[in-house]
Amino acid sequence: MNFINKLSAAWASNDSLLCVGLDPDLARLPAHLQGQPDAIVQFCRAIIDATADLACAFKPQIAYFAALGAEDQLEEICAYLRATYPHIPLVLDAKRGDIGVTAHQYAREAFERYGADAVTVSPYMGFDSVEPYMEWPDRGVIVLCRTSNAGGSDLQFLDVAGRPLYQHVAQLVAEKWNRNGQCALVVGATFPDEIAQVRKLIGDMPLLIPGVGAQGGDVEATVKAGRTADGAGMMINSSRAILYATPQEGEDFAAAARRVARETRDAINAHRHG
């Protein structure tokens, strides 16, 4: 099953547009995991098990693993996801952006080493930096378009023939780059009006939307701006707000994560239709 089909099936089976980000921070792990050699694996597996029926995708951020020399633990987590929840897309958030044979090696890393269903990439170096990923025709290529950080406007709002660059990127991906039909775009929840502009340009192409949860994006505005006619079309990511949810009485960290994930999923669903 290709990435888009797997994502569409997960939207339906879990009735969810929530993407759970996996950004393990050793300093914020529960006390009983501190100092254990496989703490990251234990933590992420617990989060995955607690939220798998509430998510349409999981998104490990590679920097959180690589900075700790924990790529082997990321491999183990990805293998666990593929084996235990094969119906839920695995998105590797790597934001790669290089050309030719180097891009091909990054694609091998994402799709062969980690077995990801999709990977995030930067379009700044043009189509030949994205094309090598398309040698895996069933895998997703998620292109940065309008990012949720304040500095994104430094480049993404530059005028290109009368419109901002991010809109030019959206149209390029939708009309020229999407040769396998497996592309998606990253558009931040902090800019709902711009989500709506992108949606008009790209039709039903999926959007990966960071910025809800800890970054404070407006869920209602995001969903209304980005939804497709069938009330889907988005992977709305929350990482820290779920991973490090404050337990209530009687909850462990995984139960707290599940509670916040369910609350987020339900808040999103409240605005999907109508």
With N set to the number of residues, divide the alpha-carbon radius of gyration of the chain by 2.2 N^0.38 Å and report two decimals. 0.96
Can you tell me the FRET efficiency between residue 263 and residue 150 if r is taken as the Cβ-Cβ distance and R0 is 30 Å, rounded to the nearest 0.05? 0.65
First compute the accessible area of the range 3-270 with a 1.4 Å probe, then give the percent of it belonging to carbon and sulfur atoms. 49 percent
Hey, what did the range 5-135 get for relative contact order, percent, Cα under 8 Å, at least 6 apart? 24 percent
Label point 7 Å beyond Cα of residue 171 along Cβ direction - residues of the range 133-158 with amide nitrogen under 19 Å: 143-147, 155-158
How much solvent-accessible surface does residue 75 expose, in Å² to the nearest 10, with a 1.4 Å probe and all protein chains in place? 70 Å²
With every protein chain present, what is the per residue accessible area of the range 3-270 (1.4 Å probe, Å²)? 40 Å²
For the Cα atoms of the chain, what angle does the longest principal axis make with the long axis of helix 3-13, in degrees from 0 to 90, nearest 10? 50 degrees
Can you say what percent of the DSSP beta bridges in the range 62-197, counting only those with both residues inside, are antiparallel? Round to 5. 15 percent
As a percent rounded to 5, the proportion of antiparallel DSSP bridges among beta bridges in the chain is 5 percent
How much length is gained if the chain between residue 105 and residue 160 is pulled fully straight, taking 0.36 nm per residue apart and subtracting their Cα-Cα distance, in nm to one decimal? 16.7 nm
Any chance you could give the angle, 0 to 90 degrees and rounded to 10, that helix 253-269 forms with the longest Cα principal axis of the chain? 30 degrees
Descending accessible area (1.4 Å probe), largest on the left, turns 143, 101 into 101, 143
Could you tell me the number of lysine pairs in the range 3-270 with C-alpha atoms less than 24 Å from each other, where the two lysines are 8 or more residues apart or belong to different chains? 10
Candidates 28, 259, 199: whichever shows maximal mean-square fluctuation once the chain is modelled as a Gaussian network with Cα springs under 10 Å: 28
With a cut-off of at most 14 other beta carbons within 10 Å, and DSSP calling the residue loop, which trypsin sites (Lys or Arg not before Pro) in the range 110-190 qualify? Please list them. 179
Charges at C-beta only: +1 for Lys and Arg, -1 for Asp and Glu. How large is the resulting dipole of the chain about its Cα centre, in Debye rounded to 20? 520 debye
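The values are calculated or read from the model by the stated rules, or taken from the named source; none is laboratory data. All values reported here derive from a predicted model rather than from experimental measurement. As a convention, Cβ positions derive from the backbone with ideal geometry for all residues, glycine included, and neighbour counts pool all protein chains shown. The area values use the complete protein model at the heavy-atom level, side chains included, leaving out ligands, DNA and RNA. Shrake-Rupley method; radii C 1.70, N 1.55, O 1.52, S 1.80 Å.
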